[in-house]
Amino acid sequence: MTLLNNEVTYLAQMLETSGDGGEKVDAACRLASFGTAEAAAALARALQREKDPLVREAVIGALLVCDTRAVIAEMATLLRSEDATNRSAAFEVLTYRCDDEVIEIFEQLLQDGDRDVRVMTVHALGRSRCGRSAELFRRVIREDGDVNVVAAAVEYLGEMGEPSDAALIQKALERFRHPYFEWIARRALGRLMGDNEAG
């Protein structure tokens, strides 16, 4: 274990200090082969500071094969970044790595005080097709007070929900009197009720 930790530390330092993009790509790939929580943390740190597009792609690719829980936890933090590029990268990884075993981290993100974090979390869940996504969308529609967050959840629930979800969306329509929300909700209701023209 000590040898493994030493190797991870060495590769993390290479990612941080090397001026050679090829060396950094190699370091990211080698960290991916370890796949540990420590490797995931090192890759997440590299993603926050790296500017080279090729190295960033290698780091993101490496994160996609590391320990799921560690990666999701690191990306949940990065989703709150001030840097739009890092938020986008975190979103990409969260979407790909979402599964029921780490759903509690997504539940926490849906309680975040930042509306944008909650919206991105809804989109990550919706695009991932995680098994419990619909359950979380129902909770968002019932409990969230922001029209943008609820609209995103309604849109995905319209795609993956059940006809019985129509009542929940109808209640949301009573809460939010907004033209865009009404359009999203009507379209979702049409899909749930089998209206092929709801598109």
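The values are calculated or read from the model by the stated rules, or taken from the named source; none is laboratory data. On a predicted model such as this, the values are computed, not experimentally measured, just so you know. Positions of Cβ are backbone-derived with ideal geometry, glycine not excepted, and every protein chain shown enters the neighbour counts.
To keep it simple, each residue is scored yes or no on (1) crowded, with 22+ Cβ neighbours inside 10 Å; (2) without any contact (Cβ under 8 Å) to a residue 40 or more places away in the chain; (3) among the hydrophobic types (A, V, I, L, M, F, W, C); (4) in a helix (DSSP H, G or I).
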{"site": "Gln48", "(1), (2), (3), (4)": "no, yes, no, yes"}
{"site": "Gly61", "(1), (2), (3), (4)": "no, yes, no, yes"}
{"site": "Val71", "(1), (2), (3), (4)": "yes, yes, yes, yes"}
{"site": "Glu74", "(1), (2), (3), (4)": "yes, yes, no, yes"}
{"site": "Thr77", "(1), (2), (3), (4)": "no, yes, no, yes"}
{"site": "Ser88", "(1), (2), (3), (4)": "no, yes, no, yes"}
{"site": "Val102", "(1), (2), (3), (4)": "no, yes, yes, yes"}
{"site": "Ile105", "(1), (2), (3), (4)": "no, yes, yes, yes"}
{"site": "Arg139", "(1), (2), (3), (4)": "no, yes, no, yes"}
> Which members of region 155-199 meet the condition of being among the β-branched types (Val, Ile, Thr) and either surrounded by fewer than 17 Cβ atoms within 10 Å (Cβ to Cβ) or in contact with a Ser or Thr (Cβ under 7 Å, 6 or more places away or on another chain) (or both)?
Replying inline: none
> Only one residue in Ala73, Ala42, Ala90 is in contact with a Leu (Cβ under 7 Å, 6 or more places away or on another chain) and closer than 28 Å to Arg129 by Cβ, so which one is that?
Replying inline: Ala90
> Here are some residues: Ile141, Ile103. Which one is within 25 Å of Ala32 (Cα to Cα), β-branched (Val, Ile, Thr) and out of contact with any Pro (no Cβ under 9 Å at 6 or more places or on another chain)?
Replying inline: Ile103
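Got a number for residues in region 23-36 being among the hydrophobic types (A, V, I, L, M, F, W, C) and either surrounded by fewer than 17 Cβ atoms within 10 Å (Cβ to Cβ) or not in a helix (DSSP H, G or I) (or both)?
Kept after step one, since they are among the hydrophobic types (A, V, I, L, M, F, W, C), are these residues of region 23-36: 25, 27-29, 31-32, 34.
Remaining after also requiring either surrounded by fewer than 17 Cβ atoms within 10 Å (Cβ to Cβ) or not in a helix (DSSP H, G or I) (or both): 29.
Within region 23-36, residues that are among the hydrophobic types (A, V, I, L, M, F, W, C) and either surrounded by fewer than 17 Cβ atoms within 10 Å (Cβ to Cβ) or not in a helix (DSSP H, G or I) (or both) number 1.
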> Can you find a residue in region 141-154 that is within 28 Å of Arg69 (Cα to Cα), of a type in the set (D, E, K, R), surrounded by fewer than 18 Cβ atoms within 10 Å (Cβ to Cβ) and at pLDDT 95 or above?
Replying inline: yes
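Scanning for something surrounded by 15 or more Cβ atoms within 10 Å (Cβ to Cβ), over 11 Å from the mean Cα position of the chain (by Cα) and assigned by TED's automatic domain parsing to the domain that holds Leu157, does region 111-126 turn up at least one residue?
Scanning region 111-126, I find at least one residue that is surrounded by 15 or more Cβ atoms within 10 Å (Cβ to Cβ), over 11 Å from the mean Cα position of the chain (by Cα) and assigned by TED's automatic domain parsing to the domain that holds Leu157, so the answer is yes.
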